[in-house]
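The values are calculated or read from the model by the stated rules, or taken from the named source; none is laboratory data. In this text, all values refer to a predicted model and were calculated from it rather than measured experimentally. Ideal geometry is used to build each Cβ from the backbone, glycine not excepted, and the neighbour counts take in all protein chains shown. For the accessible areas, the whole protein counts, side chains as well, though only heavy atoms, and no ligand, DNA or RNA atoms are used. Shrake-Rupley method; radii C 1.70, N 1.55, O 1.52, S 1.80 Å.
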Amino acid sequence: MNTLRVTGGRVLRPDGRVTESDVTIDRDAGAIVAVGDETASGGGTGGSDAGAGETLDADGGLVIPGLVNAHTHAAMTLLRGYADDKPLDPWLREDIWPAEAELTPDDIETGAELGVLEMIRSGTTAFADMYFAMDRVADVVDRAGLRARLGHGVVTVGKDDRDARADVEESLRVARELDGAADGRVRTAFMPHSLTTVGEEFLREGVAAAREAGVPVHLHANETADEVDPIVEERGERPIAYAEDLDALGPDDFFAHGVHVDDSEIGRLADAGTAVVHCPASNMKLASGMAPVQRLRDAGVTVALGTDGAASNNDLDVFDEMRDAAMLGKLAADDASAVPAEAVVEMATAGGAEALGLPGGRIEPGAAADLAVVDLDAPHLTPVHDPVSHLAYAARGSDVRHTVCDGEVLMRDREVLTLDADAVQERAAEAASDLVDRVEE
């Protein structure tokens, strides 16, 4: 067996316990075969064979499941800091959409490279991306070594019928043709931008085609009050009820934000098994509101974490999202015990993997070999009374020492192995400067 052993560290187990254990990985299968003395059914570490492979030193560190960024727009790294301190609708219409109109496929590939580099460095092993030129993004995912759920974002407002239908068809093409790319590490979804930026006719046709193709639906929902009110006024129903009418509310689907959901909508999401991706930093920066995360979780809704794009965050560090989710969740519930540390760690790992329908999220025999090693010896992580508390409230992406996805080492001792970091950053800086010049001409 071609093994990778992660040795000398403590391991975060699925039940929240932290144990001193080595982790043994079958690199060919991309799976964990043993954690300490526990082995996969019918497995075993192979005695001397298990010690013959590669080793990652986790001494003094905490081995955690790879983090899952369940909603982002990776190529928006090129717009990091470009347009700040504005509410969502004018921010999109006055700044972001005009800049995106100037993006080329080369720009998107370059921005996506920068995004995945940032995610690997901060321990993220899987992400969901809604954007454009997704063939190029899939190529980036392939060579970077991550997992992703990818989809072309559809916007039909302001377009004539031909262009709107072409946009829907492109999202469906991406969903059909890219599924299974990167040796199976890329999965896809039909991704209309939102229930208000895509017309009902196009939503119905696109969702029906997605169901026929067997791919999930991902969209922004209930992000702001301005997204909710028009649907209520025009249709006499809440957005989640509208999504259900469209057949867009299913157990494999996942919606971003869910800030302004009422109890009836939370019940519909729970009954349908549709996940919600909480993006606390973006919601705060755009003053979109506070999602009722504790109420969603209490109702049985799967809640994941996402950074949203770097233009509204302004980073892709899921550790930041954990801290923000815990803090904002307490304010939203007016309860200091709401959205506790163990909950946000679960949302960033197993909850994210479940929401995206991707492997990972757990360190146990038989699970996908997606993990990160977090150093615990920094001043801001000393003393270690509770490692899980530190993950939620004190750790940073820069504390990640190693990142592993599908059994392959993507970063060792803070050196990314699958991408040339210096070259990626140089290309991205140049592309961003050229983009802004074109927008401002």
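General observations
- Among all positions in region 224-235, there is no residue which is in contact with a strand residue (DSSP E or B) (Cβ under 6 Å, 6 or more places away or on another chain) and part of a loop (DSSP other than H, G, I, E, B).
- Any hit, region 234-256, residues being in contact (Cβ under 8 Å) with a residue 12 or more places away in the chain, surrounded by 19 or more Cβ atoms within 10 Å (Cβ to Cβ), assigned by the TED database to the domain that holds residue 298 and at positive phi: no
- If the condition is being farther than 26 Å from residue 361 by Cβ and either surrounded by fewer than 24 Cβ atoms within 10 Å (Cβ to Cβ) or without any contact (Cβ under 8 Å) to a residue 40 or more places away in the chain (or both), then region 108-148 contributes 108, 109, 132, 133, 135, 136.
- Criterion violated by residue 7 - all others in (1) in contact with a strand residue (DSSP E or B) (Cβ under 8 Å, 6 or more places away or on another chain); (2) in contact (Cβ under 8 Å) with a residue 60 or more places away in the chain; (3) not hydrophobic (A, V, I, L, M, F, W, C) satisfied: (2)
- Flag if residue 379 is over 23 Å from residue 75 (Cα atoms), exposed (fewer than 15 other Cβ atoms within 10 Å of the Cβ) and at pLDDT 95 or above: yes
- Of the residues screened, residue 54 is not one that is at pLDDT 95 or above and open to solvent by 10 Å² or more (accessible area, probe 1.4 Å).
- Boolean, residue 269 is assigned by the TED database to the domain that holds residue 94, assigned to a helix (DSSP H, G or I), more than 27 Å from residue 122 (Cβ to Cβ) and open to solvent by less than 10 Å² (accessible area, probe 1.4 Å): yes
- Residue selected from region 287-299 under the condition open to solvent by 10 Å² or more (accessible area, probe 1.4 Å) and either touching a residue at least 12 places away in the same chain (Cβ under 8 Å) or among the aromatic types (Phe, Trp, Tyr) (or both), by the criterion farthest from residue 259 (Cα to Cα): 299
- When 398, 433 are checked against the criterion of being within 19 Å of residue 78 (Cβ to Cβ), surrounded by fewer than 23 Cβ atoms within 10 Å (Cβ to Cβ) and not acidic (Asp, Glu), 433 stands alone in meeting it.
- Verdict on residue 345 being open to solvent by less than 20 Å² (accessible area, probe 1.4 Å) and on the phi > 0 side of the Ramachandran plot: no
- Only a single criterion out of (1) in contact with a Cys (Cβ under 6 Å, 6 or more places away or on another chain); (2) open to solvent by 10 Å² or more (accessible area, probe 1.4 Å) is not satisfied by residue 302, namely (1).
- Some residue of region 127-141 being more than 13 Å from residue 74 (Cβ to Cβ), in contact with a strand residue (DSSP E or B) (Cβ under 6 Å, 6 or more places away or on another chain) and either assigned to a helix (DSSP H, G or I) or not acidic (Asp, Glu) (or both): no
- Output for region 2-24, where each listed residue is part of a loop (DSSP other than H, G, I, E, B) and on the phi < 0 side of the Ramachandran plot: 2, 9, 13, 14, 15, 17, 21, 22
- Region 175-215, subset open to solvent by less than 10 Å² (accessible area, probe 1.4 Å) and in contact (Cβ under 8 Å) with a residue 60 or more places away in the chain, residue nearest to residue 406 (Cα to Cα): 189
- Subset tally (residues that are outside any loop (DSSP other than H, G, I, E, B), under 28 Å from residue 124 (Cα atoms), open to solvent by less than 50 Å² (accessible area, probe 1.4 Å) and out of contact with any strand residue (DSSP E or B) (no Cβ under 7 Å at 6 or more places or on another chain)) for region 70-103: 10
- Criterion: of a type in the set (Val, Ile, Thr) and closer than 29 Å to residue 392 by Cβ - qualifying residue of 141, 157, 137: 141
- Residue 172 touching a residue at least 24 places away in the same chain (Cβ under 8 Å) and out of contact with any Leu (no Cβ under 6 Å at 6 or more places or on another chain): yes
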